[in-house]
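Following: one structure in structure tokens, then a few remarks.
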Amino acid sequence: MKSFDQESVTSVILKSGVLLSLFLIVLGTLMIFIMKHADNLTLSQIADIYSTTIINSSQISLGDLLSGSLSLDGIYLISLGLWVLIFTPISVVFVGIIDFELQKNYRYVIMALVVLFNLFFAMLVIG
Amino acid sequence: MLTEIQAILEFFYIFVAGIFAGLLGAMTGLGGGTVLVPVLTIFFQIPLIFAIGASLISTIATSAGSASAYTKQKIANVKIGIGLEMSTTAGAIVGTLTLAYFNGHDLLWAIYILFGVVLLFSLIPSVKKTLAELPPPMDGDWTTRFFQLHGSYYDQRLKKTVDYNGIRWWAGEIVMFFAGFISGLLGIGSGALKVLGMDWAMNLPMKVTTTTSNFMIGITAATGSSIYWHLGYIQPFIAAATAIGVLLGAFLGAKLLVKITNSNIRWLFFSILSFLGVEMILEGLNANHSVIIPSIVMVFISIGSSVMVIVLLWFYVRKLRKDVLRRTRSEGK
């Protein structure tokens, strides 16, 4: 028995996730160009696409994503947007788990949990 | 030092490259990343790891964008997709760590070569996809029952409901691990390999295969991207420009694709892709200093070999088409 329409919920989540992340990325880009600096870097440093050391994702602290974005820092807004993008497909797996659970399809609940385990292993353990 | 105007222009150029990649990726069904990495490295000389990082992130955007439309039409099989994601996510982790190893040991030239080879081989299933015929119906095996691989969808072109049975689940999982590995290693969605897994290994109809793979690409890419983030492979300025550009390009590509009735136009796109594939291989050989080829000679070699690739592919499709015709005729008798 299907108690909710998994496909429609999935579709709405995917669309809203992409739109939200797009909004944050565009806003972040505009802030960088307007303020001409972000995260203690000048515009020309941020736009230096040839150096792998001046700015890259490993230097952006994930703990500061929210506070940085709330102070409208361009780099943090873009980063938050990128992380919303990363979490968008992951949320589909969550919806899948709820749906399989409601259908008492435990075989697939376990498989979806394995997928989630891999995802969080990648994020937390390796990171 | 870049002036303000130069920085804005640079952002704009990368954004346009993203649109081009998204457009071409959607038209050929290969996805934006496969086009984006060669364009960013060859034409912009952006460091390979940044190109790969930006590409994988953009892949999530296009996958989620198009999957939202497909899942609504209920063609994509979310259940089969999530089951196969066990392998692709595991493969993505191994692939990403392999890239980190290559990057740490001055072996990035090999990634260029591998990228070119994968791009060229991806053309085969993509070209085949243009035929889009239904697989011969097969009885299910034990995995069909155990993993519930049956499904149905309404085919608008054939105007009927198509029932299907997926088989050889284990073979699908093996191909998917490899697809995930390539995705993490090269920063692409590796949709062509995913299609191969579901079409060839599991005997699923092409419509189900392509739409399900589209939705899976996002989850695989999310796994790889989160490791890329910690490794420092994502440059926010580049990633921002490409994410917006590729998404826009893919959106336009999907709209245009419906309007293009002449399938021959796709051969033009395939030839651009094979050009980029050969360029990447030569770029890798150059970076390895095994051969030093002046860039103008490189362009000529690439054009020459991509013409050859396209001619071979064209004959391959003609043969496939003849086989399909013969089969439908003998079925009609």
For this session: Using the structure shown, decide if B:Leu97 is within 14 Å of chain A (Cβ to nearest Cβ), farther than 17 Å from B:Gly31 by Cα and in a helix (DSSP H, G or I).
Result: yes
Within segment A:98-127, restricting to residues that are β-branched (Val, Ile, Thr) and within 9 Å of chain B (Cβ to nearest Cβ), the one that is nearest to B:Leu99 (Cα to Cα) is A:Ile126
Of the residues in segment A:63-78, those that are small (Gly, Ala, Ser) and touching a residue at least 40 places away in the same chain (Cβ under 8 Å) come to A:Ser69, A:Gly74
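Has segment A:1-11 got at least one residue that is of a type in the set (Val, Ile, Thr) and in contact (Cβ under 8 Å) with a residue 60 or more places away in the chain?
yes
Being surrounded by fewer than 21 Cβ atoms within 10 Å (Cβ to Cβ) and more than 28 Å from B:Met216 (Cβ to Cβ) is true for just one of A:Ser69, A:Ser61, A:Ser8. Which residue is that?
A:Ser61
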- Message: Going by what's in this entry, would A:Tyr50 be described as in contact with a Phe, Trp or Tyr (Cβ under 7 Å, 6 or more places away or on another chain) and within 8 Å of chain B (Cβ to nearest Cβ)?
- Response: no
What do you reckon, is B:Thr223 more than 14 Å from every other protein chain (Cβ to nearest Cβ) and of a type in the set (Ser, Thr, Tyr)? no
Expected single match for at pLDDT 85 or above and either within 22 Å of B:Tyr233 (Cα to Cα) or in contact with a His (Cβ under 7 Å, 6 or more places away or on another chain) (or both) among A:Leu70, A:Leu22 is A:Leu22
Wholly inside segment B:110-216, helices (runs of 4 or more DSSP H) that include 1 or more residues that are over 12 Å from the mean Cα position of the chain (by Cα) are B:142-146, B:169-186
In segment A:11-26, anything surrounded by fewer than 17 Cβ atoms within 10 Å (Cβ to Cβ) and either more than 8 Å from chain B (Cβ to nearest Cβ) or more than 25 Å from B:Ala61 (Cα to Cα) (or both) is listed as A:Ser16, A:Leu19, A:Leu20, A:Phe23
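Can you say whether B:Leu256 is at pLDDT below 80 and under 22 Å from B:Ser190 (Cα atoms), as far as the supplied structure shows?
Against the criterion (at pLDDT below 80 and under 22 Å from B:Ser190 (Cα atoms)), B:Leu256 does not qualify.
The values are calculated or read from the model by the stated rules, or taken from the named source; none is laboratory data. Bear in mind that the values here come from a model prediction, so they are computed numbers and not experimental data. Cβ: placed from backbone, ideal geometry, glycine included. Neighbour counts: every protein chain shown.
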